[in-house]
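Since the structure comes first, as structure tokens, the remarks are kept for the end.
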Amino acid sequence: MTTIKDIMDYFETFAPLEAQMVFDNSGLLVGDKKFGVSRVLLALDITNEVINEAENLGCELIISHHPVIFNPIKHLSVGSPVYQLASKGISALCMHTNLDLGVGFGVNIALANAVGVKNPKPAEVGECLFVGELEEEITIDTFAENVMLALECDGLRYTNNKQTVRKIAVSSGAGGSNVADAAAVGADVLVTGEIRHHEINLANDLGINIIDAGHFKSEDVVINPLINKLSCKFPEISFTKSKAYSDKIRFIKD
């Protein structure tokens, strides 16, 4: 039977654990590498709803992007996801910044591909910042609409400091801190999942557009491509995307 170690070894070919940032806690956080797996659930985060879904599907392993253990645990309550994983015998493999930084395959590559960016590559500056170009120059209004449709957003925020865009920077999740670096490499717009007020002000001062699609939407885009990649490598395993998890954000519409 295929083991968790087999899956982890495959991740090493495109998202090696040693590539994770110093603050991170990626890897096998619950379970043992020797455990065999036949069913795997994938989700951006591991919540109790996701764990129950995995149990109902008969999954031995959950692969998530965000670590289910991030800060040191000083108390483990019965209702916590970590306790629930251990008590139900479900392992947790969490691939965070190492997957963000993947050059051939990763979260930012998936984000760039989804919004039409060609040949995305890591920028020479910034953390988790990738840069590429659209096939042709288009208006920022059209590009923002394309991003919303591609990421299946109910809404997003954007600015129009530049009326037209072609060179695109992407930094998934909380990537708004990269706005100065995106401007420094000549990007017309930074597509991200979170940007703070002072970073928006800085973007306006620098004359670069921003698109804030939401943390969940900017990263969930990697799950289906990851399922396809893992399924091709391990056809004997059933990989399923979680239906239980979303960030539950809603938008008021006119």
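The values are calculated or read from the model by the stated rules, or taken from the named source; none is laboratory data. Just so it is clear, the structure is predicted and the values come from calculations on it, not from any experiment. We place every Cβ from the backbone using ideal geometry, glycine too, and count neighbours over all the protein chains shown. In case anyone asks, the SASA skips ligands and DNA or RNA and just uses the protein heavy atoms, side chains included. Shrake-Rupley method; radii C 1.70, N 1.55, O 1.52, S 1.80 Å.
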- Roll a 1.4 angstrom probe over the protein heavy atoms and tell me the percent of accessible area of the chain that is carbon or sulfur. 50 percent
- Report, for the chain, the % of DSSP beta bridges that are antiparallel, rounded to 5. 45 percent
- Query: Say each of M1 and K229 gets a label point 7 Å from the Cα, pointing the same way as Cα to Cβ; how far apart are those two points in nm?
  - Reply: 2.6 nm
- Which entries in the list K167/K241; K118/K162; K33/K217; K167/K233 go over 27 Å, if you measure between the two C-alpha atoms of each? K167/K241; K33/K217; K167/K233
- Query: Seen from all sides and averaged, what is the projected area of the convex hull of the Cα atoms in the stretch 206-249, in nm²?
  - Reply: 4.7 nm²
- Note on the structure: Taking Cα pairs closer than 8 Å and at least 6 residues apart, the relative contact order of the chain in percent is 19 percent
- Volume of the Cα convex hull of the chain, divided per residue and given in Å³: 137 Å³
- Can you give the three extents of the C-alpha atoms in the stretch 18-134 along their principal axes, from longest to shortest, in whole Å? 47, 31, 26
- Message: Report the gain in length on full extension from I252 to N48: 0.36 nm times residue separation, minus Cα-Cα distance, nm rounded to one decimal.
- Response: 70.7 nm
- Under 12 Å from a label point 7 Å along Cα→Cβ of V185: give me every residue in the stretch 149-164 with its amide N that close. none
- Task: Would you please put 191-204, 3-16 in order of how densely packed they are, using the mean number of other Cβ atoms within 10 angstrom per residue and starting with the highest?
- Result: 191-204, 3-16
- Item | In nm, spacing of pseudo-spin labels at Y83 and N56 (7 Å Cα→C-beta vector) | 2.3 nm
- Item | Hypothetical label at D205: residues of the stretch 154-196 whose amide nitrogen lies under 16 Å (7 Å Cα-Cβ projection) | 177-184, 196
- Mind listing the phi-derived Karplus ³J(HN,Hα) values for the stretch 157-162, rounded to whole Hz, using 6.51, -1.76 and 1.60 with θ = phi - 60°, and x for any glycine or proline? 10, 7, 10, 10, 5, 10
- Item | Segment F105-V22, length gained on full extension (0.36 nm per residue, minus Cα span) | 27.8 nm
- Query: How about the stretch 160-254: which chymotrypsin sites (Phe, Trp or Tyr not before Pro) there lie in a loop by DSSP and see at most 16 other Cβ atoms within 10 Å?
  - Reply: F251
- Task: Compute the long axis of helix 48-57 from its Cα atoms, compare it with the longest principal axis of the Cα atoms of the chain, and write down the angle in degrees, 0 to 90, nearest 10.
- Result: 60 degrees
- Given a 1.4 Å probe, how much area per residue of the stretch 109-225 is accessible, in Å²? 44 Å²
- Message: When a/c reaches 1.5 or more, the comparison of a/b and b/c decides; with that in mind, is the stretch 143-243 rounded, prolate or oblate per its Cα gyration tensor?
- Response: prolate
